[in-house]
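Trainee: Here you go, one structure.
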Amino acid sequence: MADNKSKTAKLTNKTAVRHSEQAKDKAHSRLSSESNGTSEGAAPNELSALEEAFRKFAVHGDTRASGKELHGKNWSKLCKDCCVIDGKNVTLTDVDIVFSKVKKKPCRAVTFDQFKEALGELAKKRFKDKPGEEAVEEIYKLIEGKSPIISGVTKAVASPTVSRLTDTSKFTGSHKERFDESGKGKGKAGREELVDMSGYVPGYKHAGTYAQKVKGSKPI
């Protein structure tokens, strides 16, 4: 009986130790996931809308960029394109000062965490009438889901001069002969004077009329 009790006690102790170790492993896993910025049940590579916008601006104009760091030039563009700069509470100078403040001295770019720190600084200026957390949320909303605005694309402008020069119905002379009534080009036939080489005499204007003359003449 004593042996059975001791065996039961040992099994109970082993079970308790096993449960304790499993609990420790779960707690360690949870803390590790939180330190990496992910939560249990969420995809480890899933990006927030803010971080996705950060990466889009980070790689803008640089095919070798990894998307993990944002340079000063693209930081300024992000603030312009996402209307963080309003010209009143936040100016381009404010943006440059905050960028220099949050980045490390030897570096020329900021990480995502430093980026959020910079936005927190600008939120105080951009949304002065809101409490700290609400101001940060508002400035996040300006950026979330946004992409760099592509500029420098030239749009075609309708010009009456150009329209007049390209209107084939107003062409005269040899230029007019190059197009048919619908305005479609005739190709080679419109650029060269093609000579009819059929018959004994090339270019004879009365070709094909002989048979009609013979048919219409009366026998003598």
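The values are calculated or read from the model by the stated rules, or taken from the named source; none is laboratory data. Nothing here was measured: the structure is a model prediction, and the numbers come from that model. Cβ placement follows ideal geometry from the backbone for every residue including glycine, while neighbour counts extend to all protein chains displayed. We work out accessible area using only protein heavy atoms, side chains counted, and drop any ligands, DNA or RNA first. Shrake-Rupley method; radii C 1.70, N 1.55, O 1.52, S 1.80 Å.
Trainee: Run the paramagnetic zone check for Asp129: 7 angstrom along Cα to Cβ, then residues of segment 78-121 with backbone nitrogen under 13 Å.
Mentor: Those under the cut-off are none; the list is empty.
Trainee: Just list whichever of Lys88/Lys130; Lys104/Lys130; Lys68/Lys128; Lys68/Lys130 have alpha carbons separated by over 27 Å in the model shown.
Mentor: Numbers: Lys88/Lys130 16 Å; Lys104/Lys130 29 Å; Lys68/Lys128 30 Å; Lys68/Lys130 30 Å.
Checking Cα-Cα distances, Lys104/Lys130; Lys68/Lys128; Lys68/Lys130 exceed 27 Å.
Trainee: Let me ask you something else. Would you pull out the residues with amide H under 5 Å of Phe179's amide H, same chain only if 5 or more places away, H placed 1.01 Å from N?
Mentor: Result for Phe179 returns Lys186.
Trainee: Let me ask something additional. Just to confirm a number: summing +1 for Lys and Arg and -1 for Asp and Glu over residues other than Asp81 whose beta-carbon lies under 14 angstrom from that of Asp81, what do you get? Working shown, then result.
Mentor: Values: positive: Lys56, Lys73, Lys77, Lys80, Lys146; negative: Asp86, Glu144.
Charge balance in the 14 Å sphere: +3.
Trainee: Ranked from the most accessible area to the least, with a 1.4 Å probe and all protein chains present, what is the order of Cys107, Cys79?
Mentor: Details: Cys107 55, Cys79 0 Å².
The residues order as Cys107, Cys79, largest area first.
Trainee: What distance in nm lies between label points placed 7 Å from Cα along the C-beta direction at Ser169 and Arg108?
Mentor: Going from the Ser169 label point to the Arg108 one covers 5.9 nm.
Trainee: Let me ask something else about it. Packing-wise, with mean Cβ within 10 Å as the measure, how do 65-77, 123-135 rank, highest first? List each step's numbers first, then the result.
Mentor: Working: 65-77: 17.6, 123-135: 14.6.
Taking the mean over residues of other Cβ atoms within 10 Å, the ranking is 65-77, 123-135.
Trainee: Compute the orientation-averaged projected area for segment 49-142 from the convex hull of its Cα atoms and round it to one decimal in nm². Intermediate values should be presented prior to the final figure.
Mentor: On the way: hull surface 22.7 nm².
Mean projected area of the Cα convex hull: 5.7 nm².
Trainee: Stretched out fully, how many nm does the piece from Ser100 to Glu137 gain, at 0.36 nm a residue minus the Cα gap?
Mentor: Numbers: separation 37, 0.36 × 37 = 13.32 nm, distance 2.26 nm.
Roughly 11.1 nm would be gained on extension.
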